[in-house]
Amino acid sequence: MADHAILFRVAERRARGATLFFQGSIITSAPLTAAALWDFHLWGRIGTGIDVSPGELQLNRRIALALDCLDLAIFVGAAIAFLTWFHRVAANLPALGIADARWSPVWAVAWWFVPLMFFFRPYQVAMDIWQASDPAATTEYWRTRPVQPLLNRWWGFFVASMVVEWMAFCAWTRIDDGTPALLHQGASLLDGIAAVLRLAGAWLAIRVVEEIQHRQIQRARLFAFR
């Protein structure tokens, strides 16, 4: 059984990298939410006939644009860090006694980029990793292990944030100087909702990474003595 222990590679460094980027996403999501809500407020004033200076609107949009650029950079970094960690924990499964995982480490990452499959297949891979990493799981019946609501909540918030982000993007592409204030408010509201969902999703993602890390380390310790 020593070979299994040798083949197991702790993903701690990759987990820390993913966690740092998710923390960065949480930090940027808070001011993004505030900027979106303030934009919503300004357009509400305009819609009711209250004067708002163009400079005030422009300043808020510049702040929001700068935060959007920062958030995009953090999102890309988080995606890279998370997927490298995801690949590692999937690759660890054979060392943990799991020889019948449904997807290889390469496909564990590749499914995130397949249209439509993106909405559910990565979650199924994550569920397999979750169950297979359970210290109490047997090598034959590991798929019977329960999945905590944490995993479902993380995936739900992640998908919801992506959908609302896309809705907000589509809304803003249809807005120009002649667009009614109410539609401006709708786009701003979508921005705010997306930021809140992204914040919650990032917080849940940190917990998912921590839990899977803990499970794999505990299972590796137990499996080394079998």
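The values are calculated or read from the model by the stated rules, or taken from the named source; none is laboratory data. Keep in mind that what you see is a predicted model, and the values were worked out from it rather than measured. When we count neighbours, we look across all protein chains shown, and the Cβ atoms used for this are built from the backbone with ideal geometry, even at glycine.
For the reader, a short list of remarks on this structure follows.
- Scanning segment 174-191 turns up no residue that is in a helix (DSSP H, G or I) and β-branched (Val, Ile, Thr).
- Looking only at residues of segment 125-149 that are assigned to a loop (DSSP other than H, G, I, E, B) and touching a residue at least 60 places away in the same chain (Cβ under 8 Å), we find that the one that is surrounded by the most Cβ atoms within 10 Å (Cβ to Cβ) is SER133.
- Hits in segment 12-61 (condition: assigned to a helix (DSSP H, G or I) and free of Cβ contacts under 8 Å to residues at least 12 places away in the same chain): ARG13, ARG16, ILE27, ALA34, HIS41, ARG45, PRO54, GLY55, GLN58, LEU59
- Counting only residues that are among the aliphatic types (A, V, I, L, M) and not in a helix (DSSP H, G or I), segment 99-124 holds 4 of them.
- Test for ASP134: is it modelled with pLDDT of 95 or more and over 19 Å from ILE206 (Cβ atoms): no
- The requirement of being surrounded by fewer than 20 Cβ atoms within 10 Å (Cβ to Cβ) and either over 18 Å from MET162 (Cα atoms) or among the aliphatic types (A, V, I, L, M) (or both) is not satisfied by ILE74.
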